[in-house]
Amino acid sequence: ENGKVMDRDDDRYWKLGVFYFNPKDPAIFLEKRFGIGWTNNWAHPLSWVFIIVVILLAVGLPILLG
């Protein structure tokens, strides 16, 4: 915001050390704090939509094809 750099490594944004929750961050996905890979910004509504779609596909496709 306003040309400021966001500190995504701040402990207050990481719940239990692994769940990123920052409503002011516009990013849906970001690099994990530790290790390799990506994680969701659980405060972003589209992140929840993405997870629900993935779960519905994982449960629905075997039912439809089976």
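The values are calculated or read from the model by the stated rules, or taken from the named source; none is laboratory data. Treat the numbers as computed from the prediction; the structure is a model and nothing was measured. Quick reminder, even Gly has a Cβ in these numbers, built from the backbone with ideal geometry, and neighbours come from all protein chains shown. Heavy atoms of the whole protein, side chains included, go into the accessibility calculation; ligands, DNA and RNA do not. Shrake-Rupley method; radii C 1.70, N 1.55, O 1.52, S 1.80 Å.
Per atom type, the chain shows carbon and sulfur on 69% of its accessible surface, probed at 1.4 Å.
Using a simple charge model, +1 on the beta-carbon of Lys and Arg, -1 on the beta-carbon of Asp and Glu, nothing else, what dipole does the chain show about its Cα centre, in debye to the nearest 20?
Details: 7 positive and 7 negative charges, 22 e Å.
The dipole of the chain has a size of about 100 debye.
The string of couplings for the range 6-20 from the Karplus curve (6.51, -1.76, 1.60, θ = phi - 60°) is 8, 8, 7, 8, 5, 4, 5, 8, 10, 8, 6, x, 10, 9, 7 Hz, one whole number per residue in order, with x for Gly and Pro.
Calculate for the chain the 222 nm mean residue ellipticity that helices alone would give, adding -39,500 (n - 2.57) per DSSP H run of length 4 or more and normalising by residue count, nearest 500 deg cm²/dmol. Display every interim value, and only then the final one.
On the way: 1 runs with 21 residues, N = 66.
Rounded to the nearest 500, it is -11000 deg cm²/dmol.
In the context of the full set of protein chains, the chain has a per residue accessible area of 81 Å² (1.4 Å probe). Between the listed residues 64, 37, 27, the Cα displaced farthest toward the positive end of the dipole of the chain, a dipole computed from Cβ unit charges relative to the Cα centre, is found at 64. Principal-axis analysis of the Cα atoms of the chain puts helix 45-65 at an angle of about 20° to the longest axis.
Computed on the chain, the Cα convex hull volume stands at 109 Å³ per residue.
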